[in-house]
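Here the structure comes first, spelled out in structure tokens, and everything after it is commentary.
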Amino acid sequence: MMTKEGFNLDVTNSELASSRGRLTIVASEAVIGSLQAQLVRGTSHGFEFCELDPAQPIPADVIDKADAIVVEVVPQDPQSTRRIAQVHARRPDLAQIVAMADASVSTVRQLLREGVSDVLSLPLQLEELLDSAANIFSSKRPTPAAEIELAPLVAVLRAQGGEGATTLVTHLAQQFAEQDSLGKGVCIIDLDVQSGSIAPFLGLTPRRSIEDLLMSGARLDRAILKSVAIDRGNGVNLIAAPFEIEPFEQIDISQVLKIIQLARREFDVVLLDLPANWTNWNLSVLLEASQVLLVVSLQVASLRQAKRRIELFKSAGIGPDKIGIVVNRVQKRLFSNIDLKDVAETLRSEVLTSLADEGSRITDAQDQGLLLPELHSKSKYGGGIEKLALNLLQRFGKVPKS
């Protein structure tokens, strides 16, 4: 065994350096050498390296001195995998990051269930390691609940399938992020557990999903949430829908609400994309929402289903003051059987905005993993989204960027 110090982080760029925690890396010579090659010498001591064969037990004093620990593991070697339990047995409260090659999704899920804080791929990448460590160390600095203001929660649902609710969620999130004056970012939670499609619409390939959070149980914390949320850039983060279809009845209502509350503590705005099918947990989520957006189209069938949903919400205690109507795919015509005034009168709810029908341009953008403004800088749809975002921010008492 050989312990090394002195390979430090660039204090001007490192999140770990400002987190005031020491990260102990227990790994083979090759893994440590690869990571050291990415570091620069500095004045802060961010890492401590323990060079050890993956099959060897970790010395007790190394575990005792660590603020957080990264452990290299070879999944096929039982002696190597026992090191995870060894760390947990000696210090159950110690945050442990497992580093392994070619970890399958099922392996990652199992490790997270067993109490591992994060799982990283080999060879270790400095940026990914710093991000994971920063999440762990910052989660150790609890803020009294009374001092934490929960972010606005916007729940988006459709009157019927194919109304464009998911498209609205993605574009509204980006607009919120552009207007974000606090800088904590926006989080989308894809709760459409059977057919969620936000990840491909945003051009993302997440390694984890909300299923990992649902299965984390009492271990759910900031570090786990941040490890699942994937950053698209420009302030938009996504907690993706499960990779496999989940039965609605197996969703734990209390765990869903814990996930949402935690996200509202970590981001400036949280958006939910809800499934078209209704269960008790859907309604429980809506009761927590700051604003419910119901997406409809100018069709009789759509308005009929919207009215039924509003009646359901009313019976569950969700008042009309919380519900806003968004009319999608509006075409400019001289004559129309239904107009926006008819929508408001029929549904007895406020129409917050209408969104222009952009034909196939939105689909073309989504097929490329892009938002419409990223493909077409000026669009009537984008203008409607901007108007809606500013309206909601004013309602939430948030000051948008000037």
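The values are calculated or read from the model by the stated rules, or taken from the named source; none is laboratory data. Keep in mind that what you see is a predicted model, and the values were worked out from it rather than measured. We place every Cβ from the backbone using ideal geometry, glycine too, and count neighbours over all the protein chains shown.
So the values come out like this:
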read-out: Sole exception among (1) of a type in the set (V, I, T); (2) over 20 Å from N277 (Cα atoms); (3) under 29 Å from the mean Cα position of the chain (by Cα) for I310, by number; value: (2)
read-out: Any helices (runs of 4 or more DSSP H) falling wholly within region 293-402 and containing at least 1 residues that are in contact with a strand residue (DSSP E or B) (Cβ under 8 Å, 6 or more places away or on another chain) and within 27 Å of A151 (Cα to Cα); value: 300-315, 380-395
read-out: First in region 262-291 and part of a loop (DSSP other than H, G, I, E, B), second anywhere and among the basic types (K, R), Cβ under 7 Å, 6 or more apart; value: F267/K184; D268/K184; A276/R158; A289/K322
read-out: Enumerated strands (runs of 3 or more DSSP E) restricted to region 57-124, each holding at least 1 residues that are crowded, with 18+ Cβ neighbours inside 10 Å and polar (S, T, N, Q); value: 95-100
read-out: Matching residues in region 368-397 - criterion: being among the charged types (D, E, K, R), within 24 Å of the chain's Cα centre (by Cα) and closer than 24 Å to S197 by Cα; value: E374, E386
read-out: So P123, is it in contact with a Phe, Trp or Tyr (Cβ under 8 Å, 6 or more places away or on another chain) and modelled with pLDDT of 80 or more; value: no
read-out: Given (1) surrounded by 16 or more Cβ atoms within 10 Å (Cβ to Cβ); (2) on the phi < 0 side of the Ramachandran plot, number of the condition D231 does not satisfy; value: (1)
read-out: Residue, nearest to G217 (Cα to Cα), within region 94-118, restricted to residues that are out of contact with any strand residue (DSSP E or B) (no Cβ under 6 Å at 6 or more places or on another chain) and charged (D, E, K, R); value: R113
read-out: Residues located in region 211-242, provided they are assigned to a loop (DSSP other than H, G, I, E, B) and over 14 Å from L111 (Cα atoms); value: D221, A229, N234, G235, A240, A241, P242
read-out: Single condition S349 does not satisfy, out of (1) crowded, with 21+ Cβ neighbours inside 10 Å; (2) free of Cβ contacts under 8 Å to residues at least 60 places away in the same chain; (3) within 23 Å of the chain's Cα centre (by Cα); value: (3)
read-out: Residue check for D268: over 11 Å from the mean Cα position of the chain (by Cα), assigned by TED's automatic domain parsing to the domain that holds G164, of a type in the set (D, E) and within 24 Å of T205 (Cβ to Cβ); value: no
read-out: Identity of the residue in region 56-69, over 35 Å from the mean Cα position of the chain (by Cα) and not polar (S, T, N, Q), that ends up nearest to G21 (Cα to Cα); value: D61
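Residue-wise test of (1) of a type in the set (S, T, Y); (2) under 24 Å from H171 (Cα atoms); (3) over 12 Å from the mean Cα position of the chain (by Cα).
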site	(1), (2), (3)
S216	yes, no, yes
L225	no, yes, no
Q261	no, yes, yes
L274	no, yes, yes
E288	no, yes, yes
